[in-house]
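The values are calculated or read from the model by the stated rules, or taken from the named source; none is laboratory data. These numbers come from a predicted model, not from an experiment. With ideal geometry, Cβ positions are generated from the backbone for all residues, glycine too; neighbour counts draw on all protein chains shown.
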Amino acid sequence: MLRIVMKSGMLHIFVTGEEIFGSSGHEKVPTRGKPGLERPGRSRGERISDRAASTCGPTVIRPMIRAEVGVPIVPQTISRHLAESNLKSKRPFRALPLTPEHRQLRLQWCQARSMWNVTDWQKVVISEESRFVLGTDDNHVRVWRHPGERYNSPHTVLRHTARTAGVMVWRAIAYDSRSTLVVMRGTLTGQRYVDDILRPHVGPFLNGLPGAIFQQDNARPHTARIAQDFLCHFQTLPWPARSPDLFPVEHVWDKLKRQVPSCHSVHDLELAVRDLWAHLSQDNIRCLINSMPDRVAACIAAGGGPTRY
């Protein structure tokens with residue numbers, strides 16, 4: 001009998017007496033295998049294979065087992081034992097790498113707003129740029145894990161940025177409205193951010209929402225002196241670095257990116273993104289903003305570390 005367990009994020013594969021020994025308890029005479037594999041006196045249940053990474057599927061694990069134990073095995077057998085061990089094939093939890101300083105700043109930011117309720121968060125206007133790319137990414141990676149282990153380090157895929165053909169867009173969301181979607185071409189500088197985004201879009205949008213609080217991330221154009229000078233006339237909310245889980249608009253983009261159809265050109269991609277933005281449900285945005293008190297509480301409970309959001 002093959003037994004597979006997960007320990008420290010790795011698959012451990014065991015072969016018990018049923019595989020090595022006959023039903024009568026006598027040792028089988030193997031036709032192949034590593035020298036010394038079936039030596040007399042080996043305990044029934046002794047581990048005889050090494051570890052396989054948790055991202056390995058049955059087809060990848062199969063030659064590892066055969067090389068270790070010399071026992072022919074089919075992927076269906078491995079799949080069955082993975083299921084019996086309550087290991088599920090899941091998408092890995094994705095998180096940005098956090099330094100101790102990042103964690104501390106996230107924790108302090110959340111603690112300062114731990115008493116904010118849904119009504120407070122409904123005043124916040126959240127702004128961000130996002131890039132939609134042609135082709136696919138690594139979202140199809142799967143990991144084998146037990147239920148409840150999604151956020152364990154071995155099952156986490158760190159997110160890193162990469163340049164490829166695509167469309168960069170800007171937008172802002174509020175509880176009952178959202179901005180125009182702006183396609184950004186070329187390099188965004190502080191001056192361009194003021195001329196192309198803040199003055200024509202952010203200013204009028206905020207002026208139409210009494211009591212609005214503007215929030216943006218810490219991208220260099222956002223923190224440029226010229227941009228800060230423009231925003232000094234509005235109420236703003238600081239932002240802790242590397243905190244997409246505290247930034248509901250990230251989920252809006254994730255939803256849109258999952259819905260983008262296959263496009264053969266950047267122009268087609270731009271049209272698709274504009275159409276998706278125009279048809280995005282405002283109720284979805286409201287739901288995300290209403291989740292902010294829970295997001296803050298989760299970050300505090302995690303000591304500033306990654307959360308399920």
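Does LEU237 satisfy the criteria of being within 18 Å of ALA112 (Cα to Cα) and not acidic (Asp, Glu)?
yes
Which residue is modelled with the lowest pLDDT, if the candidates are limited to the range 111-167 and must be of a type in the set (Phe, Trp, Tyr) and in contact with a helix residue (DSSP H, G or I) (Cβ under 8 Å, 6 or more places away or on another chain)?
The qualifying residue modelled with the lowest pLDDT is TRP144.
Restricting to the range 299-309, and then to whatever is exposed (fewer than 14 other Cβ atoms within 10 Å of the Cβ) and modelled with pLDDT of 95 or more, can you tell me which residue is nearest to PRO100 (Cα to Cα)?
Ranking the qualifying residues of the range 299-309, first place goes to GLY303.
Among the residues that make up the range 77-85, is at least one of them modelled with pLDDT of 95 or more, farther than 28 Å from LEU209 by Cα, surrounded by 15 or more Cβ atoms within 10 Å (Cβ to Cβ) and out of contact with any His (no Cβ under 6 Å at 6 or more places or on another chain)?
Within the range 77-85 (the criterion being modelled with pLDDT of 95 or more, farther than 28 Å from LEU209 by Cα, surrounded by 15 or more Cβ atoms within 10 Å (Cβ to Cβ) and out of contact with any His (no Cβ under 6 Å at 6 or more places or on another chain)), the answer is no, since none of the residues qualifies.
Right, LEU276: over 22 Å from the mean Cα position of the chain (by Cα), surrounded by 17 or more Cβ atoms within 10 Å (Cβ to Cβ) and of a type outside the set (Gly, Ala, Ser) or not?
Here the answer is no, as LEU276 does not meet what is asked.
Output the residue which, of all residues in the range 190-235 that are among the acidic types (Asp, Glu) and surrounded by fewer than 19 Cβ atoms within 10 Å (Cβ to Cβ), is nearest to LEU105 (Cα to Cα).
If we take residues in the range 190-235 being among the acidic types (Asp, Glu) and surrounded by fewer than 19 Cβ atoms within 10 Å (Cβ to Cβ), then ASP229 is nearest to LEU105 (Cα to Cα).
Please find, among VAL260, VAL252, VAL296, VAL266, the residue that is closer than 18 Å to ARG178 by Cα and either touching a strand residue (DSSP E or B) at 6+ places or on another chain (Cβ under 8 Å) or surrounded by 13 or more Cβ atoms within 10 Å (Cβ to Cβ) (or both).
VAL252
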